[in-house]
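Notes follow the structure.
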Amino acid sequence: MSSAEPLTSVDEHLDEILAAINPLPPYDQPLIEALSLPICESIVSPIDLPSFDNSAMDGYAVCFADVASASEDHPVTLPVTGEVAAGQTKLFAMSPGTAVKIMTGAPVPQGADSVVPYEWTDRGVAHVRISKAPELGQHLRRRGEDVKEGDLVLEDGRLLGARQIGLLASIGRAQVSARPRPRVVVMSTGSELREPGTALGHDSIYDSNSYMLAAAVRAAGAIAYRVGMVTDDPQEFADALSDQLVRADMVVTSGGVSKGDYDVVKEVLSDLGTVTFREVAMQPGKPQGFGFVGEDSTPIFTLPGNPVSSFVSFEAFVLPAIRRMMGRLPYRRPLVRALLTKGLSAPAGRETYARGTFEIDGKGAHVTPAGSHGSHLLGDLSDANALIVIDAETTHIPAGEHVQVMVLDRDY
């Protein structure tokens, strides 16, 4: 790219990515596997919930008219003619003037219209003394009072949480149609990289990016395959990439995309003609690459090697793409307004993502800049829980102004 060529805006680069990536096709998945995925069907209940009248308490099924006058001073005593427990297939019928011992969830005997809890009785076996009257119909769960057969219980696109999965199981669904979690291969490049837990040389560093990005992929709800580091040898990178494509719905690399003599990712992928490298008007994270590789046209993101640049690039471009593959809306992490507690400067002409600490207290939402702008300062990034987003036209924001904040580490 010539120095005279204008930088691409963040929005333009992301729009091109989202236009090029399609949601993965859905298929039937076991309920637990579909957690945090949007469903791809509308679901109608095939049964009533509850599917039969049942007791909400451990106690005695009675006819209300027989116990309406019961009190501490004038208890009512009834003969106990049977007992019914949850899961018991035998159906009971009872006559007026009697009581049937009943457990929570057990079907209500025919002829009963109320349940007296144990606490209001002497818990008798042959006869029961009742010292408090229930209301008519109290402690009964009526068939269909929660969900009726034919009710629409979940609409197409609804995100499945624990509560929705519980509902699906309660109506007998073992599977649900949903898009799969994308399989994302994460690779770091650089001959200077070493695996954590091994010895460092005087000119080597530990590979943090592949761990950080793989963790970010998993936090996004996708499946991460961390390949680790690859040296700056073009053939080694090409072979490693080719080997990984068989299990990848997406590939994310870090490093090797700038203008140096050993930028192996750019060297290898430029020859394919299917990956575009450009400079995006953002700080940090200017050098970016995106395109498709392999026979299946697998999307690939080539992120810069500096850790902060790599993380911000993931948030800005890769995370929205993962969510689009899963069909999760919105694709981009929403921005919230917060009061800036300290003044903040930014370079002209670039959308800046400054690290910050976001809090909400009795005075509202506020954010404090964390550390400096250095794209290698992983300690500052670790301390931050937000990115302060400053538009390309703004170079300084004084304390006390409201800013746009991308809050990290929470689902949306």
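Listed values, structure above:
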quantity	calculated
Breaking point among (1) modelled with pLDDT of 95 or more; (2) more than 26 Å from the chain's Cα centre (by Cα), for Gly371	(1)
Residues within segment 106-136 that are part of a loop (DSSP other than H, G, I, E, B) and β-branched (Val, Ile, Thr), tallied	2
From Val251, Val264, residue being touching a residue at least 40 places away in the same chain (Cβ under 8 Å) and either assigned by TED's automatic domain parsing to the domain that holds Thr395 or in contact with a Leu (Cβ under 9 Å, 6 or more places away or on another chain) (or both)	Val251
Single unsatisfied condition, Arg333 versus (1) in a strand (DSSP E or B); (2) closer than 30 Å to Thr253 by Cα	(1)
Those residues of segment 269-313 which are in a loop (DSSP other than H, G, I, E, B) and among the polar types (S, T, N, Q), in sequence order	Thr274, Ser297, Asn306
Meets criteria (assigned to a strand (DSSP E or B), on the phi < 0 side of the Ramachandran plot and not hydrophobic (A, V, I, L, M, F, W, C)) for Arg226	yes
All positions within segment 220-247 that are free of Cβ contacts under 8 Å to residues at least 40 places away in the same chain and of a type outside the set (Asp, Glu)	Pro234, Gln235, Ala238, Val246
Ser36 over 30 Å from Gly327 (Cβ atoms), surrounded by fewer than 18 Cβ atoms within 10 Å (Cβ to Cβ) and among the hydroxyl-bearing types (Ser, Thr, Tyr)	no
Answer from Leu381, Leu387 - the residue that is assigned to a helix (DSSP H, G or I) and in contact with a Lys or Arg (Cβ under 8 Å, 6 or more places away or on another chain)	Leu381
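The values are calculated or read from the model by the stated rules, or taken from the named source; none is laboratory data. Everything numeric in this text was worked out from a predicted model, so none of it was measured. Note that each Cβ is placed from the backbone with ideal geometry, even for glycine, and that neighbours are counted across all protein chains shown.
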